[in-house]
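Values quoted throughout were computed directly from the atomic coordinates according to the rules given, and no laboratory measurement underlies them. Just so you know, these numbers come straight off a predicted model, no measurement behind them. We place every Cβ from the backbone using ideal geometry, glycine too, and count neighbours over all the protein chains shown.
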Amino acid sequence: MPRSSDGLRVVVVGATGNVGTSVVRELGRDPAVGSIVGIARRRPRWHPPKTTWVSADIGSDPGVDFVAHFRGADAVVHLAWLLQPSRDPLVTWRTNVLGSYEVFAAVAAAGVSTLVYASSVGAYSPGPKSRTVDESWPTHGWPEASYCREKSYLERALDTYELHHPGIRVVRMRPAFLFKKESATEQCRLFAGPLVPGRLVRPGLLPVVPDLPGLVFQALHTDDAARAYRLAVTRPVQGAFNLAADPPVTADVLAEVLAARPVRLPARPVRAALSAAWRLRAVPTSPYLFDAVLRLPLMDTRRARDELGWQPEHSSVEALQDLLAGLRESAAVDTPPLVAGPRY
């Protein structure tokens, strides 16, 4: 990638959440990066090196001139995503899909040469749990889950975008479930809701872990994902990259992390209980996302290792342990999504 004498200018959209804070930190450590513009809905009190903040909401600020913010940038990393309210897919569609359209269009209009987009394992069609699939596996998602549906839709949008803008280097990152200590409070709030007290989540507290058919998934430490994003910015690669750590997470792995005992159960009663809790607004997680998790394929990460020169420094078990430690300690970063105390 061509760079000025002052180093690369990188814009990160969605710079204050789980992935964004790690990506901003990682870019700030790279001597090839001269400056970072962090775009977020609310300006944080966090001041990482090389970073200037811009307050803008891709979902509800139609008057924001993203072209002006992107002009002169060498790369735009698009991470912004709204997970809740899962009960109102029109709201998430407006931010995740229509807002992403605005970002993609502004990248082209501003003459930015590189777009790095945060896709997900959730974009993949149902697949095997007994073997891994590479980046050619279909990305049609699980249509009932809004998260998967929106990730899949944007994969199709980028297919067309690349045809219309062959001069833009487009990189699609497809990470597994991402965990780190500082995001634990936010993730508990987004997926479990207020009924799960994070400080009480510790090994030995839960006696059993349900061993459900299809409950095999991949995890990755967020800081490891951030290194892959940095490499995607600084190296002349394009296309899709699967990101995950070993080992795949099974009920046995979860039981070991939680010092619990795996108990084989059918998925149907667990799904029914989750559905009832969701209808009663006791939990924010849609049962359709539960359906998707049981069907997600396991990803082959050889392309990221071979072409990006990337490999995770943490195992999936270490990522989960970091999440649990963050819940117990109420770990945080001084940004609105990751703050542990009252929101600001």
Checked against the positive end of the charge dipole of region 13-102 (+1 on Cβ of Lys and Arg, -1 on Cβ of Asp and Glu, about the Cα centre), the farthest of Ala73, Gly99, Gly20 is Gly20
By Cβ neighbour count within 10 Å, fewest first, His47, His69 rank His47, His69
Most packed first (mean Cβ within 10 Å per residue), the peptides 263-274, 9-20 order as 9-20, 263-274
With Cα springs under 10 Å, the Gaussian network model of the chain assigns the largest mean-square fluctuation among Gly99, Gly141, Gly239 to Gly239
Highest GNM mean-square fluctuation among Pro312, Pro126, Pro166, for the chain with Cα springs under 10 Å, belongs to Pro166
The base-10 log of I(q)/I(0) that the Debye equation returns for the chain at q = 0.08, 0.14 Å⁻¹, one scatterer per C-alpha, is -0.36, -1.19
Listing Leu324, Leu212, Leu163 by rising number of other beta-carbon atoms within 10 angstrom, fewest first, gives Leu163, Leu324, Leu212
For region 209-334, the convex hull over Cα atoms projects on average to an area in nm² of 9.8 nm²
Across Ala73, Ala251, Ala192, the residue with the highest GNM fluctuation in the chain (Cα network, 10 Å cutoff) is Ala192
Plugging the Cβ-Cβ distance of Asp65 and Arg328 into 1/(1 + (r/R0)^6) at R0 = 35 Å yields, to the nearest 0.05, a FRET efficiency of 0.20
Per the charge dipole of region 153-299 (beta-carbon charges, Lys/Arg positive, Asp/Glu negative, Cα centre), the residue among Leu158, Gln238, Ala276 reaching farthest to the positive end is Ala276
The size of the Cβ-based charge dipole (Lys, Arg +1; Asp, Glu -1) of region 1-132 about the Cα centre, to the nearest 20 debye, is 400 debye
Expected sort for Cys188, Cys148 with the fewest Cβ neighbours (10 Å cutoff) up front is Cys188, Cys148
Among Val333, Thr52, Thr222, the residue whose Cα sits farthest towards the positive end of the charge dipole of the chain, when +1 is placed on the Cβ of each Lys and Arg and -1 on the Cβ of each Asp and Glu, is Val333
Taking every DSSP bridge whose two residues both lie in the chain, the antiparallel percent to the nearest 5 is 5 percent
Region 206-344: relative contact order from alpha carbon pairs under 8 Å, six or more residues apart, as a whole percent, is 36 percent
Computed over the chain, the relative contact order (Cα-Cα under 8 Å, seq sep at least six) in percent reads 22 percent
Computed for the chain: size of charge dipole around the Cα centre, +1 on C-beta of each Lys and Arg, -1 on C-beta of each Asp and Glu, debye to nearest 20, value 640 debye
